[in-house]
Structures are given as C-alpha cells and as structure tokens.
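Working notes, structure below.
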Amino acid sequence: KFVKIDGSEFTLDADLVLLAMGFLGPQRDGLLNDLSVEITDRGNVARDANYATSVPGVFVAGDMGRGQSLIVWAIAEGRAAAAGVDRYLMGQTALPEPIKPTAVPQR
C-alpha cells in the first residue's frame, strides 16, 4: 500500500519511464470463468504443447500460462502460440516456434 509522505515529493526529468506493476495471476472473473477454462494448481491457465487451453480454439501465452515472468518470455511464447493457433486453424504450420510451453530459463 502506498502512503503519501508530506514533503517527500520531487520532480525528476526523464525521457522514458517504465512502470513495473507486478502480476498477481490471471483474473478469473469474467472470460476465464465464463468459458470454464482449466486452471493449474499454481493458479495459471492450463495449456498443452500447442498453447491450447482446455477450451477448443482458446490459446494462452505469457504470464497467463507461465505465471509472472520476463517480457522476453511472453514475446517468445506469443510467437510460439501463434504457430499453435495456425496449426489449429490450418492443420499445419510453417511459423517458427521459438519456445516450448514447458521451457524454463537457463540457470
């Protein structure tokens, strides 16, 4: 919780400001509950090797399926998920699949 401290305000010139807001998990109220999408025991949206959820034609990538992570993982997963969607719609794909849904960062 943010609490204002009187006299602590200041101005800082900047060309770019990035906000790191945090991720508390997928919001279940609304679409996820309405579609009865399966949720993992970690609270993320369940998906298969093609990024497909338990609902036919519904795909998930990035924080929704992986949990909070870096934006580069979400970008790579978005590209791989596009290949899964293409395969679902066309029966095959020539799109690159840079990352598998179960991949983890190298340590």
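Is it the case that some residue within segment 15-31 is aromatic (Phe, Trp, Tyr), within 30 Å of ARG87 (Cα to Cα) and either touching a strand residue (DSSP E or B) at 6+ places or on another chain (Cβ under 9 Å) or modelled with pLDDT of 90 or more (or both)?
Initially, segment 15-31 is screened for residues aromatic (Phe, Trp, Tyr), giving 23.
From what's left, within 30 Å of ARG87 (Cα to Cα): 23.
Now restrict to residues that are either touching a strand residue (DSSP E or B) at 6+ places or on another chain (Cβ under 9 Å) or modelled with pLDDT of 90 or more (or both): none.
No, segment 15-31 has no match at all.
Which of the residues belonging to segment 1-55 are open to solvent by 100 Å² or more (accessible area, probe 1.4 Å) and of a type in the set (Ser, Thr, Tyr)?
Of everything in segment 1-55, just one residue is open to solvent by 100 Å² or more (accessible area, probe 1.4 Å) and of a type in the set (Ser, Thr, Tyr), namely THR11.
Need the failing condition index for ALA80 against (1) open to solvent by less than 90 Å² (accessible area, probe 1.4 Å); (2) of a type outside the set (Phe, Trp, Tyr); (3) touching a Gly at 6+ places or on another chain (Cβ under 8 Å), just the number.
(3)
Filter segment 72-107 for residues that are part of a helix (DSSP H, G or I) and among the β-branched types (Val, Ile, Thr) and give the result.
VAL72, ILE75, VAL85
Just to check your reading of the model, which residue among SER69, SER8, SER54 is in a loop (DSSP other than H, G, I, E, B), free of Cβ contacts under 8 Å to residues at least 60 places away in the same chain and within 14 Å of THR102 (Cα to Cα)?
SER69
The values are calculated or read from the model by the stated rules, or taken from the named source; none is laboratory data. Computed from a predicted structure; not experimentally measured. Glycine also receives a Cβ, built like all others from the backbone with ideal geometry; neighbour counts cover every protein chain displayed. Heads up: the accessible areas ignore ligands, DNA and RNA and are worked out on the full protein's heavy atoms, side chains in. Shrake-Rupley method; radii C 1.70, N 1.55, O 1.52, S 1.80 Å.
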